[in-house]
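In what follows, a single structure is set out as structure tokens and then discussed.
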Amino acid sequence: MFSIYRRRIDDLSEQEILALAISSEEDDARIYRSYAARLRDDYPDTARVFDGMAAEEDGHRGQLIALHQKRFGEVIPLIRREHVAGYYARRPVWLVENLSLERIREEAQAMEQDAERYYREAAKRVSDAGTRKLLGDLAAAEAGHGHTAERLAVEHLGPDAREAEGRAEKRQFVLTWVQPGLAGLMDGSVSTLAPIFATAFATQDTWTTFLVGLAASVGAGISMGFTEAASDDGALSGRGSPVKRGIASGVMTAVGGLGHALPYLIPHFWTATTVALIVVFIELWAIARIQNRFMETPFWRATFQVVLGGALVFAAGALIGSG
């Protein structure tokens, strides 16, 4: 419905095109400053790059305002991206907050390319020589922004800085997602073995076993998620958002338990139990593999620890259920 009230680029006057460029430059500068503020603590070198790009946008906006004052006076019409049909959009900053460092850089590069492409395409659609020149100048300015980004990256992001930021990004990913997720997967996979298989061998009723496994998995996931989120706000430890860690821990705990509970939807007891045991083996192997890849734990040591713990819990559940 809102698109009905948008104007086409062909319907804009030269003053409105200039006003749209001014508001777009202002928005982009604010986006770059938001990126810089978000990255400053962990990636100061990249933050300086975005500070420099924001300053470049401010400079171009100043030139555009001066041109507007010269041609059309002091009053700049209020026109923004959302007022023009087909104009390139910017994603809200909060949608890119969780992107990797490299993806944020790519997002910034795409911003400049979108602006340059739009101005060049718009220039082809107008016949007025002054408007064509104006759009061409704006396209050249946006292309210049890309060269500026490359120059600033060279100044502030040498090989050592990129390597250091890469290590910091990997460490943050491990602390925020991998570590709590791994703890949840281990808890869900191992701690639910006893109640699930105790119920299975005690009742040999697959539906009852599934319900017990479902309750144990969901309950453990909720408990682990809240415990992880409430135990550390991340301010001092640097482990990142408690909400993200809580989600990682809670979801992986539930997944770990549900993995060997779902086979008991199979009505035949021994078939379901065989499939559940295969799933348990896969879960334990996945835990050992994650420990080896992200936590740099030797694979065989991780395997021994996980398999031994899982075997002991399974044996306890089977013995209790059989008794």
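The values are calculated or read from the model by the stated rules, or taken from the named source; none is laboratory data. Computed from a predicted model, the values in this text were never measured in an experiment. Here the Cβ is made from the backbone with ideal geometry for all residues, glycine too, and neighbour counts use every protein chain on show.
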Q: Quick one: which residue in Thr253, Thr199, Thr273 is closer than 24 Å to Thr297 by Cα and in contact (Cβ under 8 Å) with a residue 60 or more places away in the chain?
A: Thr253
Q. Could you count how many residues in segment 27-46 are free of Cβ contacts under 8 Å to residues at least 40 places away in the same chain and under 14 Å from Ala141 (Cβ atoms)?
A. 1
Q: Working only within segment 55-86, note down all residues that are among the hydrophobic types (A, V, I, L, M, F, W, C) and part of a helix (DSSP H, G or I).
A: Ala55, Leu64, Ile65, Ala66, Leu67, Phe72
Q) Among Arg40, Arg71, Arg80, which is farther than 28 Å from Leu134 by Cα and either at pLDDT 85 or above or outside the structural domain of Thr176 (by TED's automatic domain parsing) (or both)? A) Arg40
Q.
For the structure I just gave you, tell me whether Thr253 is closer than 21 Å to Val313 by Cα, of a type in the set (Ser, Thr, Tyr) and assigned by TED's automatic domain parsing to the domain that holds Val307.
A. yes
Q.
Checking the structure you have, find out if any residue of segment 47-54 is in contact (Cβ under 8 Å) with a residue 24 or more places away in the chain, under 17 Å from Ala139 (Cα atoms) and in a helix (DSSP H, G or I).
A. yes
